[in-house]
Structures are given as structure tokens and as C-alpha cells.
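A short write-up of the structure that comes next.
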Amino acid sequence: MAGDVHRYKVGDIEVTVLTDGFRMVPVDGNYLSNAGVDDLQKALAAAGQPTDKMKNTYAPIVLSTGGKRVLFDTGNGEAAAAQSKGERGTLNANLAAAGIDRSAIDVVVISHFHADHVNGLLMADGGRAFPKAEILVPENEWKFWMDDGEMSRASKGRMTELFANNRRVFDALGRKVTTYAWDKEIVPGVTAVGTPGHSIGHTSFIVASGGKKLFVQSDVCNNVAVFAPYPDWHGFFDQDPPKAAATRRKVYDMLVTEKLPVQGYHFPFPALARIEKQGGGYRVNVMSSL
Ligand SMILES: [Zn+2]
């Protein structure tokens, strides 16, 4: 997966799309909580995709804005590259292939605290992957995952594992982060937008420059073959599934109405798309330029 790099501009801001590889996800009864495996298989078949396994891809981006290099989300990390034999955790290799020195990244913006977004903050040996970077995190996401009371009340399994993983990652960084609030400009031309449901503090971004706009959705919609046509389906990875579904509809209705292009972390590369209404849901049309 090395070498996948895609560049385009939003006004004066340059967007570089990279890939952190992929993971094959089994098609089974665990993936959706309010629809069956047969429904899931039908949706995949309708999109021309295999029905036994789904490919989950990761597309972090770097913005060049205001003289700074800003990385949005960090992928699965180099430890995952070794474990997965190079299937994922390839962001650092792809940054190098794009001519971007990871030690020259000025700012890292985290959208939410799931492992495929934060684990790349660390090298395999636990050292900092972006030694010079200020690390910006959503204030409500930080508050939730760093709260010992919330951790003690977490349901066993995915939630306790996420708490442990977030403590591991951010403790290795000495918990040195800068928190940001929604509806504020966090780096030049980029405003944080609250899109909760996937996690408590899940955040998207509006990039605006020279009269042009781009919506960076993070994980508002995961697999586009599944959650675009069926936005009300509940994925196992959504912390508050009804809220995630409501957010998905609200955001996608807005993208359709305002004709805004959207960059999606789990969209197929280059992960840039326009949304249209289709049936009771939406269609994600992936494209290569604005
Ligand atoms: Zn994700």
C-alpha cells in the first residue's frame, strides 16, 4: 500500500490524502445491531462488493495551511504494520513517499479516540511519531476518556479496551495535548464541527479558503456501501448508535443541500466525494478532484 498519495487544493490550502492501509472485516452478526447479516450482504452485493468480508480502509490527510503542516488522524501505528504484515499502519511510509518528513509535522489534529485514529501517534517502540507536533484533541473526547469514573463504569469488552488503549497512547505522550472546542477555528481555515454519536466527542471539520469549502467528516459514515444507503443502521463501533444515525442524516442532508464536497477517513481512496440522495438514504460518489 505504499505510495498512494493524492493532492488537491481548497483555495490556498493544499490537501494531501494518504493511506494507512486496510483491514478485512468479517461479515457476521456482530457488525450491525438493528439489521441482519442477510441485509448487510444484500447491501454489499448491491454495491458490487464481496459479501463474505468487507475492506475497511484508512485515509488520513495532511493540510498545508498558514505555513503549517497539519496531519488529521494518525492511522493504526507502526506496531500494527508489523502485526498485519504491512496491511495497515503504513502512514509513516506513505508520508515519506509523499516527501513529508513526519518530524516536520507542526500540528496533529485528532477527530476522536478510536485506535485507528490515535495509535499512529506512537512509534512501535512507544516513542513519539511526530516529535515536533502540537497535538490537538476534542475537549469533550479528552474529558470522557481520561475520566476515571467513566472508565470504571465502562462496559466490558470494546469500551474497556478503548479506555485502556487511550490511556496507553496518551500516557506515553505525558498527556501533553491541547484541547479544542467545537465551532472554533483550530488551525488557519479549519473549524471544528461537533458530529457526536460514533463517540461522545466525535468531530468533523470545515476547511475553507478562497471561497472554497470542504467538509472533513472523519467517521460520520463508515463503509459507504452500508451506511450511506442505510443511514439508520447501527454499527457495533458506534458508541451511541441512535445519535450516530441522527448525525449521519443531519450531516449528509447538509452536504447535499450545500453541495459540499466531503473527505471521509474510511472512504475508498482518494476518499473525496460528493453526496447525493438516493432512495431513503444517500449515495457517496468518490472522485479525484473538487
Ligand atoms: Zn475510524
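The values are calculated or read from the model by the stated rules, or taken from the named source; none is laboratory data. For clarity, every value in this text was computed on a predicted model and none was experimentally measured. Neighbour counts run over all protein chains shown; Cβ positions are idealised from the backbone, glycine included. Heavy atoms of the whole protein, side chains included, go into the accessibility calculation; ligands, DNA and RNA do not. Shrake-Rupley method; radii C 1.70, N 1.55, O 1.52, S 1.80 Å.
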Query raised in the report: So which strands (runs of 3 or more DSSP E) stay within region 1-70 end to end and still have 1 or more residues that are in contact with a His (Cβ under 7 Å, 6 or more places away or on another chain)?
Result: 13-17, 53-57
Requested in this report: Please work out which residue is nearest to the chain's Cα centre (by Cα), limiting yourself to region 179-202 and to residues that are under 15 Å from TRP145 (Cα atoms) and of a type in the set (S, T, N, Q).
Outcome: SER199
Report task. Among the residues of region 94-111, count how many are open to solvent by less than 40 Å² (accessible area, probe 1.4 Å), away from the ligand (no atom under 16 Å from the Cβ) and closer than 25 Å to ASN56 by Cα. Result -> 4
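The rows are residues; the columns are (1) of a type in the set (D, E, K, R); (2) within 16 Å of the ligand (Cβ to nearest atom); (3) buried (at least 23 other Cβ atoms within 10 Å of the Cβ).
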site	(1), (2), (3)
PHE130	no, no, yes
GLU139	yes, no, no
ASP148	yes, no, no
ALA154	no, no, no
ASP171	yes, no, no
ALA181	no, no, no
GLU185	yes, no, no
Requested in this report: Go through ASN56, ASN34, ASN76 for me and flag whichever is farther than 24 Å from PRO261 by Cα, surrounded by fewer than 22 Cβ atoms within 10 Å (Cβ to Cβ) and of a type outside the set (Ser, Thr, Tyr).
Outcome: ASN34
Query raised in the report: Within region 82-90, can one find any residue that is away from the ligand (no atom under 11 Å from the Cβ), modelled with pLDDT of 95 or more, open to solvent by 10 Å² or more (accessible area, probe 1.4 Å) and within 21 Å of LYS176 (Cα to Cα)?
Result: no
Query raised in the report: Can you name the residue in region 112-127 that is near the ligand (Cβ under 8 Å from one of its atoms) and either in a helix (DSSP H, G or I) or touching a His at 6+ places or on another chain (Cβ under 6 Å) (or both) and, of all such residues, is farthest from THR74 (Cα to Cα)?
Result: HIS112
Query raised in the report: Do we find that GLN41 is open to solvent by 20 Å² or more (accessible area, probe 1.4 Å), touching a helix residue (DSSP H, G or I) at 6+ places or on another chain (Cβ under 8 Å) and under 20 Å from PHE267 (Cα atoms) in this structure?
Result: no
Query raised in the report: Any idea how many residues of region 190-211 are of a type in the set (Ser, Thr, Tyr) and either assigned to a strand (DSSP E or B) or open to solvent by 30 Å² or more (accessible area, probe 1.4 Å) (or both)?
Result: 4
Requested in this report: Answer with yes or no whether GLY264 is at negative phi, open to solvent by less than 60 Å² (accessible area, probe 1.4 Å) and within 16 Å of the ligand (Cβ to nearest atom).
Outcome: yes
